[in-house]
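The values are calculated or read from the model by the stated rules, or taken from the named source; none is laboratory data. Remember, predicted model here, so these are calculated numbers, not experimental data. Cβ atoms come from the backbone with ideal geometry, glycine included; neighbour counts cover every protein chain shown.
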Amino acid sequence: KAAPRIEWFQNVESMLNHHLAGLLGLGSLAWAGHQIHIAVPVNTLLDAGVDPAEIPLPHEWLLNTRLISQLYPSFRNGLFPFFSLKWSIYGDFLTFQGGLNPVTGGLWLTDIAHHHLAISVLFLVAGHMYRTNWGIGHSISEILNAHQGPLTGEGHKGLYEILTTSWHAQLALNLALFGSLSIVVRHHIYSIPPYPYIAIDYRTQLSLFTHHTWIGGFCIVGARAHAAIFIVRDYDLSNSYNNLLDRVIRHRDAIISHLNWVCIFLGLHSFGLYIHNDTISALGRPKDMFSDSAIQIQPIFAQFIQRIHSVAPQMTAPSEVFPNSVVWGGNLVNVGGKVAMIPISLGTADFIVHHIHAFTIHVTVLILLKGVLFARSSRLIPDKATLGFRFPCDGPGRGGTCQVSAWDHVFLGLFWIYNSISVVIFHFS
């Protein structure tokens, strides 16, 4: 009796307001408060070489304003600069320095505190955007239903009902986002090291990269699995006629055939370069290989992006002490005799291996997307919807159909996500 009803979970606007303002907004604000009042002063003394036994206890920094004012004089002013809009006075502990702390090899903690304070303000404002008990604010259903382009038929009409009535559709979306975010974290945790000394702990870096890669890969495969279950069990054409989802399903042959062509192109050309190199190397002709010292294939677009990221922040963020990341160019960061960060120059080898990444990822997408778009029917098996998400092979029946159910595509997609992950981890390590 105490359990919430399904309608409670379908109140999207109220949920968005609470998650944005309460979970993300107040959560970020609380974390920024902890960093400002406790973590920043403690880490400042640790960076200066003070014996940890001599550093005051965490609650002393919080309760004794005179103590923390010795490190950050702006605390003597209290909240007056905040209410008088003289926020720059707080610049001693809310910084915008950029780059890495040369002592720890991690991001400046004062930069991180500033970041969390800023995004807490954004999320607190965003948490008041959606209409609940009063007649002001946005409505997700109205936004989706009104979003109709010139070539998209009914646009997003009906998608709101799908996401609020089908758990599998909602889970598919959330798994895809969670998996993608895990892969973003995988990259950021080594290229923008957030913790002190993590940049020179190579075992930890490799472990975190591997961990987040596998989590991201499995979540993305899970997203496609639940998307296929939604198509088989919950999809109702009468509520989705001529909207974007319906149009994608009706164009499935063109989508899959184009994706198939892309996979063949990438596979032949990317692995073909390695086959060429292996053959030429075996024949003892190193000058005929694809490499930076022989036949060069430079990633000119990636190099252009690197140059832009190296030069632009010097003009767009002039107040930063270190406006661009070491990754884009500059001097390496050395902590305790170990390399914490070094400029990553791209060349022929990077060009080739990144096209291998593109190939394995595109094949994974091909298999998983085909399992979703053909979950209810196909030319050989038009009655997939009645057979369900998973059903056994027909053997010689129907032209020798095997591994054609939506579940079998998830099974096959797992092989290729494994291929993708294996190449990525081998490349990184």
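Just one of 31, 61 is more than 30 Å from residue 161 (Cβ to Cβ), among the hydrophobic types (A, V, I, L, M, F, W, C), out of contact with any Pro (no Cβ under 8 Å at 6 or more places or on another chain) and touching a residue at least 12 places away in the same chain (Cβ under 8 Å); which is it?
Result: 31 is the single residue among 31, 61 that is more than 30 Å from residue 161 (Cβ to Cβ), among the hydrophobic types (A, V, I, L, M, F, W, C), out of contact with any Pro (no Cβ under 8 Å at 6 or more places or on another chain) and touching a residue at least 12 places away in the same chain (Cβ under 8 Å).
Residues being basic (Lys, Arg) and either surrounded by fewer than 16 Cβ atoms within 10 Å (Cβ to Cβ) or not in a helix (DSSP H, G or I) (or both): count how many of those fall in the range 344-400.
Selection size over the range 344-400: 4.
Condition (residue is crowded, with 17+ Cβ neighbours inside 10 Å, among the basic types (Lys, Arg) and assigned to a helix (DSSP H, G or I)) applied to the range 209-224: is it met by at least one residue?
Yes, the range 209-224 contains a residue that is crowded, with 17+ Cβ neighbours inside 10 Å, among the basic types (Lys, Arg) and assigned to a helix (DSSP H, G or I).
This table checks each residue for (1) at pLDDT below 95; (2) of a type in the set (Gly, Ala, Ser).
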position: 81; (1), (2): yes, no
position: 89; (1), (2): yes, no
position: 92; (1), (2): yes, no
position: 97; (1), (2): yes, no
position: 101; (1), (2): yes, no
position: 105; (1), (2): yes, yes
position: 108; (1), (2): yes, no
position: 116; (1), (2): no, no
position: 119; (1), (2): no, no
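Answer yes if at least one residue in the range 80-98 is out of contact with any helix residue (DSSP H, G or I) (no Cβ under 9 Å at 6 or more places or on another chain) and among the aromatic types (Phe, Trp, Tyr), and no otherwise.
yes
Filter the range 15-56 down to the residues that are closer than 24 Å to residue 73 by Cβ and of a type in the set (Gly, Ala, Ser) and list them by number.
Hits for the range 15-56 are 32, 33, 39, 48, 49.
Mind telling me which of the residues 257, 238, 325, 293 ends up being among the small types (Gly, Ala, Ser), loosely packed, with under 12 Cβ neighbours inside 10 Å and under 29 Å from the mean Cα position of the chain (by Cα)?
257
Name the residue that is modelled with the highest pLDDT, counting only residues in the range 260-285 that are of a type in the set (S, T, N, Q) and within 29 Å of the chain's Cα centre (by Cα).
Within the range 260-285, the match that is modelled with the highest pLDDT is 260.
Being hydrophobic (A, V, I, L, M, F, W, C), closer than 17 Å to residue 235 by Cβ and touching a His at 6+ places or on another chain (Cβ under 7 Å) narrows it down to one of 175, 171, so name that one.
Values: 175 fails: closer than 17 Å to residue 235 by Cβ.
On inspection, the qualifying residue turns out to be 171.
Only residues that are without any contact (Cβ under 8 Å) to a residue 60 or more places away in the chain, surrounded by fewer than 17 Cβ atoms within 10 Å (Cβ to Cβ) and in a helix (DSSP H, G or I): list them for the range 143-166, please.
143, 146
Any idea which of (1) surrounded by 19 or more Cβ atoms within 10 Å (Cβ to Cβ); (2) under 18 Å from the mean Cα position of the chain (by Cα); (3) in contact (Cβ under 8 Å) with a residue 24 or more places away in the chain; (4) farther than 20 Å from residue 12 by Cα is the one residue 189 doesn't satisfy?
So residue 189 meets the others, but not (3).
Considering each residue of the range 1-38, count those that are at pLDDT 95 or above and more than 30 Å from residue 114 (Cα to Cα), and give that number.
Residues in the range 1-38 being at pLDDT 95 or above and more than 30 Å from residue 114 (Cα to Cα): 0 in total.
Can you work out which of the residues in the range 296-322 that are touching a residue at least 40 places away in the same chain (Cβ under 8 Å), closer than 28 Å to residue 356 by Cβ and under 25 Å from the mean Cα position of the chain (by Cα) is surrounded by the fewest Cβ atoms within 10 Å (Cβ to Cβ)? Even if it seems obvious, please write down each step before you answer.
Taking the range 296-322 and keeping what is touching a residue at least 40 places away in the same chain (Cβ under 8 Å), we get 296-299, 302-303, 306, 313, 317, 319-322.
Those left that are additionally closer than 28 Å to residue 356 by Cβ: 296-299, 302-303, 306.
Restricting the remaining residues to those that are under 25 Å from the mean Cα position of the chain (by Cα) gives 299, 302-303, 306.
On the way: 299: 18, 302: 13, 303: 15, 306: 20.
Selected residue: 302.
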